[in-house]
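As C-alpha cells, the structure follows; a few thoughts come after it.
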Amino acid sequence: MIEGNLNGTGINFGIVTSRFNSTVTESLLSGAVDCLRRHGVLEEDITVVRVPGSFEIPTVARRLVEKKEIDAVICLGAVIRGETPHFDYVAGEVTRGVGNLALDSGKVVTFGVLTTDNLEQALERSGGKAGNKGWDAALAAIEMVNLLKNITD
Ligand code: INI
C-alpha cells in the first residue's frame with residue numbers, strides 16, 4: 001500500500017487566491033495557511049498571490065508551477081451563482097483550467113474553489129459549519145506531494 005503522510009516540513013507551496021468575494025476567499029486563505037503551518041510548513045515556504053477573480057486563477061497557478069522551487073499550488077476562490085449566468089462560465093473555466101493544469105504539469109495542484117448558489121453556503125464552507133475548504137485543499141496538497149514522492153519507478 002502506498003500512502004502520503006501529512007508532514008509538510010521542507011515542502012514549498014504557492015497559493016493563488018481571488019479577491020472577488022474576498023470575505024469568503026480571505027477565510028479560505030487563512031484556513032489554508034493555518035493548515036500548512038500546523039503541518040510543519042515554514043512561513044518562508046509559502047508564496048501567496050492574489051488575482052482579481054476566479055477566472056484568472058489558472059493563469060497564475062500555471063506560472064507558479066513553472067517555478068522550480070514550488071512543489072504544489074493551492075487554488076482558492078469563491079464563485080457564487082447569485083442571479084447571473086456569468087457564474088456558469090466562470091465556474092466552468094476555473095474548474096477546467098485548474099483540472100488541466102493538475103493533469104498536465106506533473107506537480108500537485110489542488111482545488112479550493114467554492115461554487116455555491118449563495119453567499120450563505122459559501123460562508124458555511126469557509127470557516128462555518130461545513131468546515132473550511134481552504135484548509136482541506138492545503139491538507140490535500142501536503143498529502144499529494146508526499147504521495148507522489150512515494151510512487152517510485
Ligand atoms: N469571479 C469570482 O471569483 N467569483 C464570482 O462569483 C464571479 N462572478 O460571479 O462574476 C467572478 N467573476 C469575475 C471573473 O472571475 C473575472 O475576474 C472577470 O470576468 C475578469 O476576467
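The values are calculated or read from the model by the stated rules, or taken from the named source; none is laboratory data. Every value quoted in this text rests on a predicted model; they were computed, and no experiment measured them. We place every Cβ from the backbone using ideal geometry, glycine too, and count neighbours over all the protein chains shown.
Could you list, in sequence order, all residues of the stretch 1-26 that are polar (S, T, N, Q), surrounded by fewer than 17 Cβ atoms within 10 Å (Cβ to Cβ) and in contact (Cβ under 8 Å) with a residue 60 or more places away in the chain?
The answer is Asn5, Asn7, Thr23.
In this structure, is Gly106 more than 11 Å from the ligand (Cβ to nearest atom), at pLDDT below 95 and surrounded by fewer than 19 Cβ atoms within 10 Å (Cβ to Cβ)?
yes
Considering each residue of the stretch 141-153, count those that are surrounded by fewer than 19 Cβ atoms within 10 Å (Cβ to Cβ) and out of contact with any Leu (no Cβ under 9 Å at 6 or more places or on another chain), and give that number.
8
How about the stretch 137-153: which of its residues are in contact with a Lys or Arg (Cβ under 9 Å, 6 or more places away or on another chain) and under 14 Å from Val73 (Cα atoms)?
Once the filter is applied, which keeps residues that are in contact with a Lys or Arg (Cβ under 9 Å, 6 or more places away or on another chain) and under 14 Å from Val73 (Cα atoms), the stretch 137-153 yields only Val145.
Would you please list the contacts, defined by Cβ atoms under 7 Å and residues six or more apart or on different chains, that run from a residue in the stretch 126-153 that is without any contact (Cβ under 8 Å) to a residue 12 or more places away in the chain to a residue that is not in a strand (DSSP E or B)?
Filtered contacts from the stretch 126-153: Ala130/Glu124; Gly131/Arg125.
Being among the acidic types (Asp, Glu) and under 19 Å from Ala102 (Cβ atoms) narrows it down to one of Glu56, Glu3, so name that one.
Result: Glu56 is the single residue among Glu56, Glu3 that is among the acidic types (Asp, Glu) and under 19 Å from Ala102 (Cβ atoms).
Kindly indicate whether Leu101 is part of a helix (DSSP H, G or I) and out of contact with any Gly (no Cβ under 6 Å at 6 or more places or on another chain).
Against the criterion (part of a helix (DSSP H, G or I) and out of contact with any Gly (no Cβ under 6 Å at 6 or more places or on another chain)), Leu101 qualifies.
Looking at (1) within 24 Å of Asn132 (Cβ to Cβ); (2) free of Cβ contacts under 8 Å to residues at least 40 places away in the same chain; (3) not in a strand (DSSP E or B), can you tell me which one Phe111 breaks?
Phe111 satisfies every listed condition except (3).
Return yes or no: is Val60 within 11 Å of the ligand (Cβ to nearest atom) and modelled with pLDDT of 95 or more?
no
Counting just the residues of the stretch 109-137 that are more than 12 Å from the ligand (Cβ to nearest atom) and hydrophobic (A, V, I, L, M, F, W, C), which one comes out nearest to Phe13 (Cα to Cα)?
Val109
Can you confirm whether the stretch 67-87 contains a residue that is part of a helix (DSSP H, G or I) and either more than 30 Å from Ile151 (Cβ to Cβ) or modelled with pLDDT of 95 or more (or both)?
Yes: one or more hits.
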